[in-house]
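Input: a single structure, listed below in structure tokens.
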Amino acid sequence: GDSVTQMEGPVTLSEEAFLTINCTYTATGYPSLFWYVQYPGEGLQLLLKATKADDKGSNKGFEATYRKETTSFHLEKGSVQVSDSAVYFCALSKVQFYFGTGTSLTVIP
Amino acid sequence: GAVVSQHPSRVICKSGTSVKIECRSLDFQATTMFWYRQFPKKSLMLMATSNEGSKATYEQGVEKDKFLINHASLTLSTLTVTSAHPEDSSFYICSATDGGSYSNQPQHFGDGTRLSIL
């Protein structure tokens, strides 16, 4: 069945470091792919999305490219800030939403 | 745009109490709303999908008599945890989409409700 596999956390980085959070998916057809962010005690916020192969989603310095050949949608940011500390969820949508297990990111000054 | 409001944000109550959580789409009509449960340091577990004006579709293992869902209008869905017990303590999150359950449109999430049963 459809599923999302996300790299295990937690991830701890120094401010201004480069971030990559890996996400791969299993699905037939052409799902849409999303990254959501959850700050402590809050719900999920849509960070970015891509709806077809080779699309690049971007927002707030984060980017992810829909790679159909590798079934991946890795999240990247060139220079993280303390305010980026949160849990990040990769998700795919076809018939319904499927979420990854989440990756906790802590950025230290 | 696409704001979802969830209320209350936190509830603490005694065992045996029934608790109602509201989920409202503020600036769009939500044809479909979803209810999730999130355990500490875990991903979201889909509990049920509700479409306006029809019965909710529950995921396997979720007790429909325990978790009552009503989606009476295009902007409001409610989750009632009946006769809550300590094991029902959790973080409950709703989401809404205006694209129907078979759409690739993003889901928009409420801020969640922290339910603590004493």
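When only Cα pairs below 8 angstrom with a gap of at least 6 residues are kept, chain B shows a relative contact order of 37 percent. For chain B, the dipole from Cβ point charges (+1 on Lys and Arg, -1 on Asp and Glu) about the Cα centre works out to 340 debye, to the nearest 20. A simple spin-label model places the labels of residue B:74 and residue B:26 2.0 nm from each other, with each point 7 Å out along Cα-to-Cβ. The calculated FRET efficiency for residue B:41 paired with residue A:51, based on their beta-carbon distance and R0 = 41 Å, is about 0.85. The number of Lys pairs in the protein assembly as shown with C-alpha atoms less than 20 Å apart, excluding pairs fewer than 8 positions apart on the same chain, is 17. As a calculated quantity, the FRET efficiency between residue B:114 and residue A:28 at R0 = 41 Å, using C-beta atoms, amounts to about 0.65. Taking the centroid of alpha carbons for each part, segment B:1-28 and segment A:1-50 are 26 Å apart. Distance between the pseudo-spin-label points of residue A:82 and residue A:69 (7 Å out from Cα toward the beta carbon): 4.2 nm. Each Cα pair under 8 Å and six or more residues apart adds its separation to the average, and for chain A the resulting relative contact order is 37 percent.
Normalised by residue count, segment A:34-109 yields a Cα convex hull volume of 97 Å³ per residue.
Annotation: average projected area of chain B is 6.9 square nanometres, based on the convex hull of Cα atoms across all directions.
Just so you know, all these numbers are worked out from the coordinates, no wet-lab data involved. Everything numeric here is computed off the predicted structure, so don't read it as measured data. Cβ atoms come from the backbone with ideal geometry, glycine included; neighbour counts cover every protein chain shown.
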